[in-house]
Structure formats: structure tokens, C-alpha cells
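Encoded as C-alpha cells, the structure appears first; notes follow it.
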2 protein chains.
Amino acid sequence: MKYPSGVNKTYEKVKNYSNRGMTLESDINNSNEFYLLNNIAVIYKKPTPITINKVDYKSRYDAKITEAYFKTPSTTDYNGIYKGYYIDFEAKETNSLTSFPLNNIHNHQIDHLKKIYNHGGIGFIIVRFNKLNETYILMVEDLINFLNNEDRKSIPIDYFKKYGYLLKENFNPRIDYLKAIDERICKYGKS
Amino acid sequence: MKYPSGVNKTYEKVKNYSNRGMTLESDINNSNEFYLLNNIAVIYKKPTPITINKVDYKSRYDAKITEAYFKTPSTTDYNGIYKGYYIDFEAKETNSLTSFPLNNIHNHQIDHLKKIYNHGGIGFIIVRFNKLNETYILMVEDLINFLNNEDRKSIPIDYFKKYGYLLKENFNPRIDYLKAIDERICKYGKS
């Protein structure tokens with residue numbers, strides 16, 4: 001595998017914890033760990049946003065949250081930096097065989113990705129079709145094109161095949177999604 | 001106030017909520033809202049990282065977290081994008097009159113900021129000296145210089161005065177910290 005420097009390197013492997021499933025989220029977390037360990041990129045999943053109502057302070061260092069609620073996220077789940085670019089994305093799984101239902105992504109998350117694009121960042125969604133075992137990246141500019149030109153409430157898989165990038169599953173990293181970003185940068189340059 | 005385009009604009013004002021204190025965090029959140037509303041930058045505070053142990057599912061849409069614990073954050077509190085640059089920082093207050101104690105920032109947060117710098121991002125800390133009512137930005141490169149050359153466990157305020165930027169308090173945004181970033185970009189360019 002060749003990375004920017006053009007030198008074949010030996011990469012640090014990411015530990016596999018047995019309690020991890022093979023969900024899209026765990027695959028992305030695994031890939032992000034790989035990128036971090038090998039000094040390729042710094043990308044993290046954001047913590048789940050919650051509203052904390054009650055906290056029990058047993059001691060100064062032992063606080064227990066006893067009442068909290070999940071909040072609707074205002075942004076996407078993942079962001080970070082790669083080759084100086086700001087990276088921002090959301091990852092979703094679907095059991096549909098034919099299309100990705102848009103109600104899987106909040107409108108304000110799409111708005112957020114548009115803003116990222118307008119400010120010169122790289123925004124995208126990663127969608128896994130569970131039953132087909134296929135995972136695609138779709139850049140925000142192609143997502144916007146779809147939304148501007150279609151009234152449909154779901155994106156057909158053919159649109160992903162045509163405008164997206166199929167992500168192959170590997171061992172380390174499990175899905176090398178930054179490779180698709182490299183291709184994109186090479187092909188179209190940056191906004 | 002002049003922004004990149006060189007055009008004097010009328011800016012959207014950020015609502016002031018009465019339940020907000022004038023803490024550094026609320027000042028930064030206010031500024032980030034201002035930047036977002038006026039299409040200047042997209043910068044958010046990350047949610048507090050917690051480990052969720054128990055959740056009561058009363059109904060599908062009404063989940064109550066009944067047991068959770070605070071986690072040590074692996075990154076900083078704020079990140080986002082400005083003029084295409086990846087922005088990443090941590091904000092801290094101190095009651096000291098003379099120096100900023102380094103035990104206010106976790107080592108892995110400093111390591112994280114170093115990585116951001118190495119990947120071409122803009123990393124910094126914002127430190128408020130509460131009793132002096134002075135708030136400074138210190139870029140990660142100057143923070144690293146201090147750590148490499150000094151054995152002290154706190155950064156004297158004179159170091160902030162010499163290498164940092166004093167942030168004046170305004171009404172909208174409350175602290176215009178991106179102005180200091182502009183100055184920095186103009187002066188030294190980007191890594």
C-alpha cells in the first residue's frame with residue numbers, strides 16, 4: 001500500500017477487541033485508530049450529545065450521572081484533519097436492497113455538510129447496504145446535486161454506484177475510506 | 001469590522017439567553033454562534049464524553065439515561081473549519097494572577113494539538129485569567145516551544161503577553177478569537 005510519501009511502510013496494526021461487532025461504526029472507528037496510529041490522519045467520532053439533568057457527586061472524582069437524555073445532534077458524527085483538509089462525515093447503515101432512505105439523515109446534518117463544503121472542507125456520507133454487504137462514500141457535492149434535482153425520498157443504489165466510491169473491506173484498516181478521498185482530490189482538486 | 005471580502009457587512013446578532021453566565025465557555029459558544037450565523041466559520045463544542053451504562057426505554061422516542069459516567073476526553077473541546085483551515089482548540093480558565101497551571105490541560109490533549117499542527121491544522125489554547133479579566137490565545141507551536149524549553153509546571157502570564165494574543169471582549173461576538181487567527185495567518189503563513 002502506498003501513501004503520500006511514496007514509500008512502502010510497515011503499518012501499526014490496530015488491536016481487535018472481541019466485544020466489537022462488525023458494524024459500520026466499529027469499522028470506521030477501527031480505520032480511524034489505524035489512521036491515528038500510523039500518523040495518516042486525525043479523525044474522531046464525536047461523543048453522543050446528551051442533556052444532563054442530575055448528577056450524584058459521591059466524591060470529587062466519582063460523579064455518577066443519574067438522569068440524562070439523548071439530544072438530536074446538530075452536526076455529523078465524525079470530523080478531523082487529513083493532509084491539511086478539514087474532513088466531516090456521517091455514517092449510516094440501511095437494510096434496503098435498492099436505495100438509501102433520506103430520513104436516515106437529519107436535515108440539519110445535510111445543511112451542516114453543505115456549510116463544510118462552502119467553507120472549503122471535505123464532506124461526505126458513508127452508507128452501508130447491510131444486506132448487499134456494500135459500503136459507499138458519497139461526497140456532499142453529489143448529495144446536494146441529488147437533492148436539487150430529485151424529489152425522491154431515497155437515493156437509489158445506482159446513484160451511489162455512479163457518483164460514489166465503493167469501499168472495499170480490508171483487515172487493517174477495515175475500510176480505507178481516505179483512499180476514496182485521495183482519488184477525489186486527484187480527480188477534481190479541492191473546492 | 002472588516003472581514004475577508006473587505007466589505008463592511010451587517011452582522012446577524014446572537015440572542016443572549018439570560019441563563020447564561022459570562023464564563024469563557026459561554027463567550028466562546030456565543031462567538032461560535034455568531035461565526036455560524038454570519039457564515040464566517042463552522043466551529044462547535046464537542047459533546048461531553050460519557051460512558052452510558054443504563055438506559056430506560058419508556059417508549060421508542062423517550063429514552064432516559066439512568067446511569068452514566070464522565071470520561072476523560074481524548075481530544076480538545078472545540079473544532080471546526082475556518083477559511084478552509086482545520087481549527088482545533090481547548091479553552092481554560094484560571095484564578096491565578098501570575099501563571100497558567102499546566103495540570104489544567106491533559107497531556108493527551110497537548111499531544112492531540114501537536115498532531116493537529118503536524119497535519120497542517122491550526123491548534124491553540126484559549127486561557128482566561130479570571131481575576132485579571134484577560135483572555136489570551138496561545139498557538140500550539142508556542143505552547144510546544146514552552147514545553148520543550150522550560151521545566152516549569154505553569155506558563156507565566158508574561159509568556160502569553162509575549163507570544164500570545166490578547167482577546168478583547170466585545171458584544172457580538174463576545175470574543176473575536178478568529179481575528180487573532182487571521183493575524184497569525186498573515187504574519188507567519190500556514191505550516
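If the label for A:Lys187 sits 7 angstrom from Cα along the Cα-to-Cβ line, what are its distances to the same label in every other copy, in nm to one decimal, shortest first?
4.2
At 0.36 nm per residue, and after removing the present C-alpha to C-alpha distance, how many nm does the segment from B:Lys13 to B:Val55 gain when stretched out fully? Numbers along the way, then the final one.
Numbers: separation 42, 0.36 × 42 = 15.12 nm, distance 3.85 nm.
Length gained, B:Lys13 through B:Val55: 11.3 nm.
At 7 angstrom along the Cα-to-beta-carbon line, where would the label on B:Asp158 sit relative to the other copies? Give the distances in nm, shortest first.
7.3
Quick one, could you list the DSSP H helices from chain B stretching 15 Å or more along their long axis (Cα atoms) with average Kyte-Doolittle hydropathy of -1.0 or above?
Both cut-offs are met by B:24-37, B:177-188.
Please list, by residue number, every one of the GluC sites (Glu not before Pro) in the stretch B:105-183 that is coil in DSSP and has at most 13 other beta-carbon atoms within 10 Å. It would help to have the intermediate numbers written out before the result.
Details: sites: B:Glu134, B:Glu141, B:Glu150, B:Glu169, B:Glu183; in loops: B:Glu150.
Loop-located and lightly packed - B:Glu150.
Give the range of the longest stretch in chain B that excludes all trypsin sites (Lys or Arg not before Pro) found in loop regions by DSSP and having at most 14 other beta-carbon atoms within 10 Å. It would help to have the intermediate numbers written out before the result.
Values: sites that count: B:Lys9, B:Lys13, B:Lys15, B:Arg20, B:Arg60, B:Lys71, B:Lys131, B:Arg152, B:Lys153, B:Lys168, B:Lys190.
So the longest stretch without any such site is B:72-130.
Could you grab the Rg to Rh ratio for the stretch B:60-143? Cα atoms only, Kirkwood for Rh. Don't skip to the end; give the middle numbers.
Values: Rg = 15.9 Å, Rh = 14.6 Å.
Rg/Rh: 1.09.
If the limit is 30 Å between Cα atoms, which of B:Lys45/B:Lys168; A:Lys46/B:Lys161; A:Lys114/B:Lys45; A:Lys115/B:Lys153 go over it?
Working: B:Lys45/B:Lys168 21 Å; A:Lys46/B:Lys161 33 Å; A:Lys114/B:Lys45 19 Å; A:Lys115/B:Lys153 40 Å.
From the list (B:Lys45/B:Lys168; A:Lys46/B:Lys161; A:Lys114/B:Lys45; A:Lys115/B:Lys153), the Cα-Cα distance tops 30 Å for A:Lys46/B:Lys161; A:Lys115/B:Lys153.
Taking amide H positions as placed 1.01 Å from N in the peptide plane, with prolines and chain starts having none, which residues 5 or more places from B:Ser154, or on another chain, fall under 5 Å of its amide H?
Correct list: B:Leu102.
Mean residue ellipticity at 222 nm from the helices of chain A, using -39,500 (n - 2.57) per DSSP H segment of n ≥ 4 over the full residue count, to the nearest 500 deg cm²/dmol?
One gets -8500 deg cm²/dmol as the mean residue ellipticity at 222 nm.
Hey, what's the protein assembly as shown come to in accessible area per residue, 1.4 Å probe, Å²?
On the way: 20000 Å² over 382 residues.
Accessible surface, normalised per residue, equals 52 Å².
Between B:Lys187 and B:Leu37, what length comes free when the chain is fully extended (0.36 nm per residue of separation minus the Cα-Cα distance, one decimal in nm)? Please report the intermediate quantities before stating the final value.
Values: separation 150, 0.36 × 150 = 54.00 nm, distance 2.75 nm.
Extending this stretch completely gives an extra 51.2 nm.
Could you look at the protein assembly as shown and say what percent of its accessible area is carbon and sulfur, using a 1.4 Å probe and all protein chains? Display every interim value, and only then the final one.
Values: 9240 of 20000 Å².
The C+S portion of the solvent-accessible surface of the protein assembly as shown is 46 percent.
Out of residues 5 or more away from A:Ile175 or on other chains, whose amide H comes under 5 Å of its own, with H placed 1.01 Å from N in the peptide plane?
A:Ser31, A:Asn170
Starting from the 7 Å offset along Cα-to-Cβ, what nm value, one decimal, do you get for the label separation of B:Ala63 and A:Asp111?
The two pseudo-label positions are separated by 2.4 nm.
Simple spin-label model, 7 Å along Cα-to-Cβ: A:Asn104 to A:Ser154 in nm?
It works out to 1.0 nm between the two label points.
Return the distance in nm (one decimal) between the two label points of a simple spin-label model at A:Leu166 and B:Glu134, each offset 7 Å from Cα along Cα→Cβ.
6.2
For every other residue with a beta carbon closer than 15 angstrom to the beta carbon of A:Arg128, add +1 if it is Lys or Arg and -1 if Asp or Glu, then tell me the sum.
Its environment carries a net charge of -3.
Mind listing the label-point distances from A:Asp56 to the same position on all other copies, shortest first, one decimal in nm, points 7 Å along Cα→Cβ?
Result for A:Asp56, in nm, nearest copy first: 1.3.
Mind checking the alpha-carbon convex hull of chain B and giving the volume per residue in Å³? All intermediate terms of the calculation are to be shown ahead of the outcome.
Details: hull volume 31.2 nm³, N = 191.
Taking only Cα atoms, chain B has a hull volume of 163 Å³ per residue.
The values are calculated or read from the model by the stated rules, or taken from the named source; none is laboratory data. Please read these numbers as outputs of a predicted model, since none were measured by experiment. Note: ideal-geometry Cβ built from the backbone for every residue, glycine included; neighbour counts use all protein chains shown. Surface accessibility is based on the protein's heavy atoms, side chains included, excluding ligands, DNA and RNA. Shrake-Rupley method; radii C 1.70, N 1.55, O 1.52, S 1.80 Å.
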